[in-house]
Amino acid sequence: MTVCVKNNSLSKHHREIPDQRISQQFLLRITGGQQLFVRLLGQGRGQPVVIVHGGPGSSCHDSLAAPFDLNRFLLVMIDQRGCGRSRPLGCLRQNTTSWLIDDMESVRRHLQIQRWHVYGGSWGATLALAYAGTYPEVVQSLILRSLFLATQHEIHNLLYRTRYRRPRAWQKLYHAADASAATQLLNAINQQFKQPTLKAVRTAQAYSDLERALLMPWKPPRHQNISAANARALRAKYHIQSHYLLNRCFMSASHLAEQAKRAHEHGIGGVAIHGKHDPLCPPTNLQWLQRHMPNMQTRLVDAQHLAHEPAIYQALKEALLKL
């Protein structure tokens, strides 16, 4: 599969994708006056793969490219609307799952890519599945890692059950957010982020520390003094994340199941890799996937959640060799 690009399909700085190793980036105008940050990395005429980052609210970074042979693949890395280097930073206007799906399709059409592989981890795996069900005719295969299903159970895993699993980090977030009760924590977090205050930054730092305590307990919390730019980025990230989690990621479990079934009916397969000890997304998510997409290969490995963990990283490399 190659990338088919017409000269008039790209901005004046990105008229064509050469048949060589490239690293390019540009901003693509989308609805509501927003701009998506897009980076192209790898072999210009290689197999196209769209990278769907996690969060919600995170962004693409170079480590996501690590398992890929950049002499074989062309990676299309998109910062979802409001995230990372997309603009305006932290924008919640027209920011729902359906908008993100259409944004991915806008990028594909802009680049004149006929079909591509879709790789996503955690929240990115949710979005990859939803995209494949919405636009199955353009998806060649799925590569999913640490599958998140946007269930209430998983949201509770992050923000409520951590009260007992990581009590110090949870208490720090609870007090930073001024929550009136444990069950009101997510609402309180979201309220804090609506104004660019010092308290909002402290809440974002506490949220980040809770995630690190859960996913990387061997790493100490970040230092409290951060730059103004990093403070804005951190607040924006968790404002978007709380916005999505409050709304169950704008998607019911039955809708995601329907999208997975539709992708399966169109012959989409691939591989899903999940850690046995994932503290956020239960390994039973693989069973859910097998019920709805029986042609997906699944691998349960001795790891937790993150892509750079040795067992997950090795499984990804092996899966990519078979594409």
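Values quoted throughout were computed directly from the atomic coordinates according to the rules given, and no laboratory measurement underlies them. These figures come from a predicted structure and were not determined experimentally. Heads up, the Cβs are rebuilt from the backbone with ideal geometry, glycines too, and the neighbour counts pull from every protein chain shown.
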| task | Take region 48-153, compute every pairwise Cα distance, and split them into 5 Å bins from 0; I just need the percent in each bin. | result | 2, 12, 24, 27, 21, 10, 2, 1, 0
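Considering Cα pairs under 8 angstrom that are at least six residues apart, work out the relative contact order of the chain and quote it in whole percent.
Once divided by the residue count of the chain, the mean separation gives 17 percent.
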| Which whole-number percent gives the relative contact order of region 152-249, counting Cα pairs below 8 Å spaced six or more residues apart? | 30
| message | Please list, ordered by chain and number, the residues whose modelled amide H lies under 5 Å from the amide H of residue 273; skip anything fewer than 5 residues away on the same chain. | response | 144, 145, 146, 299
| region 111-141-region 37-55 distance, computed between alpha-carbon centres (Å) | 12
| Across 172/219; 276/317; 172/276; 237/276; 237/261; 237/317, pairs whose alpha-carbon gap is larger than 20 Å | 172/276; 237/276; 237/261; 237/317
| remark: Compactness summary of region 191-295: radius of gyration and Dmax from Cα atoms, Å, are 18.2, 51
| note | Taking the alpha-carbon centre of each part, the distance from region 266-315 to region 195-262 in Å is 22
| request: Return the percentage of antiparallel bridges among DSSP beta bridges fully within the chain, rounded to the nearest 5 %. | output: 40
| remark: Other residues with Cβ under 10 Å from the Cβ of residue 48 give, with Lys and Arg +1 and Asp and Glu -1, a net charge of +3
| field | Farthest positive-ward along the chain dipole, Cα basis, beta-carbon charges - from 54, 243, 132 | value | 243
| Mind listing the Cα extents of the chain along all three principal axes, in Å, largest one first? | 55, 43, 34
| field | Whole-percent pair-distance distribution, where bins are 5 Å wide, for the alpha carbons of region 152-249 | value | 2, 14, 26, 27, 20, 9, 1
